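Worksheet: the structure to be examined is printed underneath.
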Amino acid sequence: MQPVILDQGPGPSTPSTASTDTEAGLAAETGRRPGRPRSEQAEQAIIEATLELFAELGFEGVCVEAVAARAGVGKATIYRRWPNKEELLLAAFGSLKSPFPEPKGVSVRDDLLAMVQVMCADKADPRKARRYALLLGEGDKYPRLMARYKETVVQPRREAMRAVIRHGVETGELRPDTDVEIAMLTLTGVIMAQEKDGILDDDFAVRLVDGLLQGLSVRS
């Protein structure tokens, strides 16, 4: 039976005076009146606090009270955005992967290269890499949370890559017998392998994409 990591969410009681004062102070710092939607700075502070606590104490060390205290916000500020601990953790872990640029649809190479460069930059970031390694190391203890992470974070990114490859097949840039799944897994798998003992720079990204497309492109 997997450990329970969820909390119950906010109760019916009103926020404490301390929480209200904290939110008011944050509002003054960010130039907005209390009661307005929380600032982008507050959200970033909450995400960063969640990741810091996870890195220091693991899954069990993350609780809304501790996150609120470290981020300098009231618990109500967190609960307005994330109804429980699981949703907060998913948002924090999702932030370890930078968003892909929107495909332009003009060149398969350009669109795949833009995605691969983002992936390489994330893997080359030491702090992100350490936190992601911790996530993978602890993830087996929390199969439900990891299943949701893969569903909401990993799979959409992989589907975005598949869509670019499919588009290349449809436009005739790539061979009609291209195995979309293998092509996508080749890109992601090579990056994961290179992360252990190689350099993940733009030159590597170019070599990876060009190497893959050399075997998939339609030859004149």
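The values are calculated or read from the model by the stated rules, or taken from the named source; none is laboratory data. Since the model is a prediction, treat every value here as computed from it, not as a measurement. In this analysis, Cβ positions are derived from the backbone assuming ideal geometry, glycine residues included, and neighbour counts consider all displayed protein chains. Side chains are part of the model used for accessible areas, which takes the heavy atoms of the whole protein and leaves out ligands, DNA and RNA. Shrake-Rupley method; radii C 1.70, N 1.55, O 1.52, S 1.80 Å.
Which residues, taken from region 200-215, are open to solvent by 40 Å² or more (accessible area, probe 1.4 Å) and in contact (Cβ under 8 Å) with a residue 12 or more places away in the chain?
ASP201, ASP202, VAL206, ASP210
Within region 174-199, restricting attention to residues that are at pLDDT below 95 and not in a helix (DSSP H, G or I), which residue is least open to solvent (accessible area, probe 1.4 Å)?
Among them, the one singled out is GLY198.
Which one of these is farther than 28 Å from GLN155 by Cα, of a type outside the set (S, T, N, Q), open to solvent by less than 40 Å² (accessible area, probe 1.4 Å) and assigned to a helix (DSSP H, G or I): ALA92, ALA66, ALA45, ALA49?
ALA66
Go through region 200-220 and give me each residue that's of a type outside the set (Ser, Thr, Tyr), in contact with a strand residue (DSSP E or B) (Cβ under 7 Å, 6 or more places away or on another chain) and either at pLDDT 95 or above or outside any loop (DSSP other than H, G, I, E, B) (or both).
The one that is of a type outside the set (Ser, Thr, Tyr), in contact with a strand residue (DSSP E or B) (Cβ under 7 Å, 6 or more places away or on another chain) and either at pLDDT 95 or above or outside any loop (DSSP other than H, G, I, E, B) (or both): LEU216.
Only one of (1) part of a loop (DSSP other than H, G, I, E, B); (2) over 17 Å from the mean Cα position of the chain (by Cα); (3) of a type in the set (Ser, Thr, Tyr) fails for SER98. Which number is that?
(2)
For region 155-173, name all the residues that are surrounded by fewer than 15 Cβ atoms within 10 Å (Cβ to Cβ) and more than 19 Å from VAL106 (Cβ to Cβ).
GLN155, PRO156, GLU159
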